[in-house]
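What follows is one structure encoded as structure tokens, with my remarks underneath.
The values are calculated or read from the model by the stated rules, or taken from the named source; none is laboratory data. Not measured: the values here are computed from a predicted model. With ideal geometry, Cβ positions are generated from the backbone for all residues, glycine too; neighbour counts draw on all protein chains shown. Heavy atoms of the whole protein, side chains included, go into the accessibility calculation; ligands, DNA and RNA do not. Shrake-Rupley method; radii C 1.70, N 1.55, O 1.52, S 1.80 Å.
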Amino acid sequence: MADVPLPPPPSQPPTWGPPPEGPPVRPTPRPRKPHRVFFWFFLALQLLFLVWIVAALNTDPDADACAELTGEALRLCRNTEEVATAAGVWLVVVFWAAVDVVLATTYGIYRLGRRQRS
């Protein structure tokens, strides 16, 4: 049975049943799903800023800067390093907020331009 060739496909549609009333009707195509590129870009940027802040908080202060100091000078040197770290993290947070405002404004303008006009 395995050596028997298959019959050729019919060249015309079957003739049974009533003939079609008109031209064939194509089904309406489904609407395309948006790719959401902006959403994934926004999330990646948020993750990048979060990693930046964690890295800034976990930096080891320069041990050589306060190595020879003692007493009040050592305490002042360490406090200065903590203040510098806090200021650096604050600048990253301000930059993060500014970038988010710019992205939100840009996305809002983009959405206004693509909306349906009635």
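So here's what we get for this one:
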read-out	value
Inter-label distance for His35 and Val102, nm, one decimal - labels placed 7 Å from Cα along Cα-to-Cβ	2.3
Length gained when the stretch Phe95-Ile109 is fully extended (0.36 nm per residue, less Cα-Cα span)	2.9 nm
Per residue solvent-accessible surface (Å²) - the chain, probe of 1.4 Å	97
Whole-Hz couplings from phi, Karplus 6.51/-1.76/1.60, listed for region 75-81; x for Gly and Pro	4, 5, 5, 5, 5, 5, 5
FRET efficiency for Ala84 and Gln46, using Cβ-Cβ distance with R0 set to 30 Å, rounded to 0.05	0.75
For region 21-118, alpha-carbon Rg over 2.2 N^0.38 Å	2.08
